[in-house]
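Worksheet: one structure, shown below.
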Amino acid sequence: MRYISTRGQAPARDFADVLLAGLAEDGGLFVPDTWPHFTPADWRAMRGLPYGEMAARVMQPFVGGAIPFDVLRRICHEAYADFGHPAIVPLVQLETSLFAQELFHGPTLAFKDMAMQVLGRLFDHVLTQRDARVTIVGATSGDTGSAAIEACAGRDRVDIMILHPHGRTSLVQRRQMTTVLAPNVGNIAIEGTFDDCQDLVKAMFADTGFRSQMHLSAVNSINWARIAAQIPYYVAAALALGAPDRAVAFSVPTGNFGNVLAAWAARRMGLPVARLVVASNRNDILARFLEKNDMSVAAVEPSLSPSMDIQVSSNFERLLFELLDRDADATRTMVLTFRQTGRMPVPDTAWHRARSVFHGFRLDDAGTEAEIRRLHGACGYLADPHSAIGIAAARALPTNGGVPMVAMVTAHPAKFPDAMEKATGQRPALPPRMADLFGRDERFVVLPNNLAAVQSAVRALVGRNTTAGA
Ligand SMILES: *Cc1c(COP(=O)(O)O)cnc(C)c1O
């Protein structure tokens with residue numbers, strides 16, 4: 001399997017290259033040059049398989065010849081071995097035709113673990129083959145950083161340094177990062193905002209000498225391997241509810257459009273998916289697009305669902321490329337226009353195509369809180385603010401003919417104790433394996449918003465580990 005750029009000006013690459021590179025050289029996103037297709041018989045043959053085995057089979061065509069199937073199967077098995085639920089991605093029935101799929105049973109209690117746990121192991125495998133090392137640097141406002149740290153901690157060929165805004169993440173989120181004491185993990189609290197952290201990371205990548213010396217790499221949500229590793233749970237839900245002999249629909253709380261794009265990919269591969277609901281908070285650019293072809297940037301407003309406080313959903317570019325019949329020139333022009341003007345002029349034909357599958361939905365904080373309370377009262381289910389928006393969206397846009405709707409549950413409610421308590425009067429407890437989170441030792445440094453200071457901290461981390469390994 002080869003990968004091409006959505007902007008058409010970068011050479012095709014294999015899975016291993018795409019994994020390490022993240023972004024294509026022309027600034028575009030990698031997509032498979034052809035979509036794999038599974039027949040109904042192929043899907044049926046996966047019914048009842050353990051999650052890791054099924055995941056390896058779904059991902060295999062994307063990996064192609066880059067990694068042997070035995071290795072991929074071992075990686076998928078190990079990635080999910082320590083999850084806190086034997087079903088890995090359990091379905092909970094909320095109403096006759098409404099289900100919740102819990103994606104939060106990984107080490108950091110958020111759905112990012114589903115892909116990151118696979119990614120860390122893929123990195124190790126590919127880097128061992130190439131006898132290389134990388135240094136992952138990233139900025140986080142919460143969930144992504146901790147999932148990346150958990151995925152990379154203790155890996156032989158990866159160092160990871162995560163920047164977070166000092167005092168501006170929740171205590172659970174900070175401690176999930178800073179209590180991982182593996183020698184290849186570093187945490188920097190920047191005296192500044194999340195945007196300052198992001199600018200520092202961008203500046204490190206822009207410093208080409210530093211970048212090549214440190215072998216900088218990223219695991220952000222545009223990495224194709226993350227999308228590929230998110231397809232299997234849609235397959236798991238669909239098979240459990242009767243696919244391929246019965247269609248299903250999904251509702252996905254959406255920020256960077258990665259999770260819902262994986263659902264679209266499953267559909268593109270032949271899974272009978274009748275509808276995809278894109279659920280947003282007050283940052284509703286995707287809902288406005290789907291409703292009236294208005295893709296225009298507004299200021300990001302903070303909400304109860306911070307992982308969806310996004311205006312530019314980077315993975316949308318992959319869908320746009322498909323909506324435009326894979327016309328890379330048109331995609332590039334549109335994306336650059338969007339960057340310059342804050343408005344994306346999507347042709348009506350492409351917009352109608354999007355609307356034939358995707359439905360938009362938005363819910364403000366008051367509505368989110370009401371939905372958390374309603375759900376708790378109706379069936380005793382505690383859904384975090386992100387997931388509550390997805391469930392509200394599923395209820396607002398029911399399918400016809402009893403097609404089951406599955407709402408993705410993307411975080412454990414204990415990650416958002418204040419919002420949960422306000423809505424329900426109950427403070428959800430951390431699961432037993434995390435109950436000691438507040439008693440663990442922490443390690444992080446506080447640095448000013450200063451590139452040189454951050455770069456020397458990265459150098460120190462990398463220097464320590466390469467010397468130790470030499
Ligand atoms: C990251 C995240 C999302 C958004 O997922 P995307 O793939 O960016 O659309 C939703 N909910 C939670 C809890 C998240 O951490």
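A few points about this structure:
- Checked against (1) more than 15 Å from the ligand (Cβ to nearest atom); (2) over 18 Å from Phe289 (Cα atoms), Ala392 passes all but a single condition, namely (1).
- Scan of the range 395-422 for residues that are out of contact with any strand residue (DSSP E or B) (no Cβ under 6 Å at 6 or more places or on another chain) and within 16 Å of the ligand (Cβ to nearest atom), ordered by number: His412, Pro413, Ala414, Lys415, Phe416, Pro417, Asp418, Ala419, Met420
- Conditions (1) under 15 Å from Val357 (Cβ atoms); (2) more than 12 Å from the ligand (Cβ to nearest atom); (3) crowded, with 20+ Cβ neighbours inside 10 Å; number of the one not met by Leu286: (2)
- All positions within the range 342-366 that are of a type outside the set (Lys, Arg), in a helix (DSSP H, G or I) and farther than 11 Å from Ala423 by Cβ: Asp348, Thr349, Ala350, Trp351, His352, Ala354
- Residue satisfying all of: in the range 181-198; over 21 Å from the mean Cα position of the chain (by Cα) and free of Cβ contacts under 8 Å to residues at least 40 places away in the same chain; nearest to Gly439 (Cα to Cα) among these: Ala182
- Test: Asp245 is of a type outside the set (A, V, I, L, M, F, W, C), at pLDDT below 95 and more than 16 Å from the ligand (Cβ to nearest atom): no
- Within the range 151-180, considering residues that are of a type in the set (Gly, Ala, Ser) and without any contact (Cβ under 8 Å) to a residue 60 or more places away in the chain, the one nearest to the ligand (Cβ to nearest atom): Ala153
- Count of residues meeting criterion [assigned to a loop (DSSP other than H, G, I, E, B) and over 14 Å from Ala41 (Cα atoms)] in the range 230-254: 3
- Filter result for Met46 (at pLDDT 95 or above, in a helix (DSSP H, G or I), buried (at least 16 other Cβ atoms within 10 Å of the Cβ) and of a type outside the set (D, E, K, R)): no
- Meets criteria (under 24 Å from Val219 (Cβ atoms), touching a Ser or Thr at 6+ places or on another chain (Cβ under 6 Å) and not aliphatic (A, V, I, L, M)) for Phe316: no
- Filter result for Ala189 (within 15 Å of Ser456 (Cα to Cα), crowded, with 20+ Cβ neighbours inside 10 Å and small (Gly, Ala, Ser)): yes
- Tally, over the range 255-280, of residues that are within 16 Å of Leu397 (Cα to Cα) and either more than 14 Å from the ligand (Cβ to nearest atom) or part of a loop (DSSP other than H, G, I, E, B) (or both): 3
- Residues in the range 72-122 that are in contact with a strand residue (DSSP E or B) (Cβ under 8 Å, 6 or more places away or on another chain) and either closer than 24 Å to Pro61 by Cβ or assigned to a helix (DSSP H, G or I) (or both): Val89, Gln101, Leu103, Phe111, Gly120.
- Applying the condition of being within 16 Å of the ligand (Cβ to nearest atom) and among the acidic types (Asp, Glu) to the range 113-150 and asking which residue is farthest from Arg74 (Cα to Cα) yields Asp143.
- Filter pass, Arg57 being free of Cβ contacts under 8 Å to residues at least 24 places away in the same chain, farther than 18 Å from Pro244 by Cβ and assigned to a helix (DSSP H, G or I): no
- Scanning the range 358-380 for residues that are surrounded by 19 or more Cβ atoms within 10 Å (Cβ to Cβ) and of a type outside the set (Lys, Arg) yields Phe358, His359, Gly360, Phe361, Leu363, Thr368, Glu369, Glu371, Ile372, Leu375, His376.
The values are calculated or read from the model by the stated rules, or taken from the named source; none is laboratory data. Remember, it's a predicted structure, so these values are computed and weren't measured experimentally. Cβ atoms come from the backbone with ideal geometry, glycine included; neighbour counts cover every protein chain shown.
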